[in-house]
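The values are calculated or read from the model by the stated rules, or taken from the named source; none is laboratory data. Fair warning: this is a prediction, and the values are worked out from it, not measured in the lab. Cβ coordinates were reconstructed from backbone atoms using ideal geometry, including for glycine residues, and neighbour counts include every protein chain displayed. In case anyone asks, the SASA skips ligands and DNA or RNA and just uses the protein heavy atoms, side chains included. Shrake-Rupley method; radii C 1.70, N 1.55, O 1.52, S 1.80 Å.
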Amino acid sequence: MLKLSALDLVYPRSCFGCGLTCNQDEGFLCWECLAEVIFVKPPFCSLCGDPISGKIDHAYVCYFCTSLPRFFDKARSSILYDGILRKALQAFKYQAGLWLYHDLVSLIYACTTAQLNVDRIDMVTCVPLHARRRRKRGYNQSYLLAKGLSSKIDKPLKKNLLKRIRSTKSQTDLTARERITNLEAAFKAKKGACVKDQHILLVDDIMTTGVTVNECARTLKEAGASEVSVVTVARGSQRF
Ligand SMILES: [Zn+2]
Ligand SMILES: [Zn+2]
């Protein structure tokens, strides 16, 4: 996608976070700003990967995962949705900040290789946008992340497995219960999607309550997928 060019030598790129010169080979966040990023570290829920405060040294499943049916098998996120990465993800999603692509793909790749068993994954797909919203935005940010990740882990990208059949309200200001109702029957497996007995890695930019990825996982499982793992760049804090 974006490449370091001779122009960078003449006009050094500045860091998206602090504005100082960015000396990385690729990417728009300097080492100092990346050092401020808070990574999702254990202990976390063994199913949804939501971080838990305090010390727990045994397998733990969070309240959300025990009280709601979960259709994905494992979900993990790289960083907390906060600080400079929150701004970067918003720019990537809403302001065509596509130059942040390398930084975000690197984060999701590191999380995937550390937390998921890549050898067992058959294919990579993304959370779809409704066609109308995709046309308006011009791109699907989750598709771009899935594309970057699939080439780094060398697994096929299947962008057309799912279709959003209902345009839904933005999930941002809704509680978990409202999110579930909002997304009911919002997705459909595309006709001819060959997912039978496949382990699918589903990619999105941010996961908060997990309702969106759960609905996608439900649809993929109903279409025959044997396993659905989820990876997102960021993890927002859950709201009831
Ligand atoms: Zn910086
Ligand atoms: Zn959980």
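For the chain, the residue among CYS65, ASN160, PHE39 whose Cα projects farthest onto the positive side of the dipole built from Cβ charges is ASN160. This model, with +1 at the C-beta of Lys and Arg and -1 at the C-beta of Asp and Glu, gives the stretch 43-173 a dipole about its Cα centre of some 980 debye. With a Cα cut-off of under 24 Å and a minimum spacing of 8 residues unless on different chains, the lysine pairs in the stretch 76-187 number 21. Protection proxy ranking, highest mean first, for peptides 159-165, 30-36, 98-104, 184-190: 98-104, 159-165, 184-190, 30-36, where packing is the per-residue count of other beta-carbon atoms within 10 Å, averaged. Relative to the globular-protein estimate of 2.2 N^0.38 Å, the Cα radius of gyration of the stretch 85-240 stands at 0.98. I want the local charge near LYS93. Using Cβ-Cβ distances under 13 Å, sum +1 for each Lys or Arg and -1 for each Asp or Glu among the other residues. For residues surrounding LYS93, the net value is +4. You can think of it this way: the chain between THR172 and SER67 has 35.6 nm of extra reach, that is 0.36 nm per residue less the Cα-Cα gap. Amide H to amide H, with H built 1.01 Å from N, ILE38 comes under 5 Å of LEU80, counting only residues 5 or more places away or on other chains. The portion of the accessible surface of the chain made up by carbon and sulfur, rounded to a whole percent, is 52 (1.4 Å probe; DNA, RNA and ligands excluded).
Only Lys, Arg, Asp and Glu count, each charged at its Cβ (+1, +1, -1, -1), so figure out the dipole size of the chain about its Cα centre, rounded to 20 debye. Walk me through the intermediate numbers first.
Values: 36 positive and 22 negative charges, 261 e Å.
Computed charge dipole of the chain: roughly 1260 debye.
Along the axis of the charge dipole computed for the chain (Cβ charges of +1 for Lys and Arg, -1 for Asp and Glu, origin at the Cα centre), the listed residues SER106, GLN95, SER77 are led at the positive end by GLN95.
So between HIS58 and SER46, what do we pick up on full extension, going 0.36 nm a residue minus the alpha carbon distance? In short, 3.4 nm is gained. Each label was represented as a point 7 Å from its Cα along the Cα-to-Cβ direction; for GLU184 and ALA131 these points are 2.5 nm apart.
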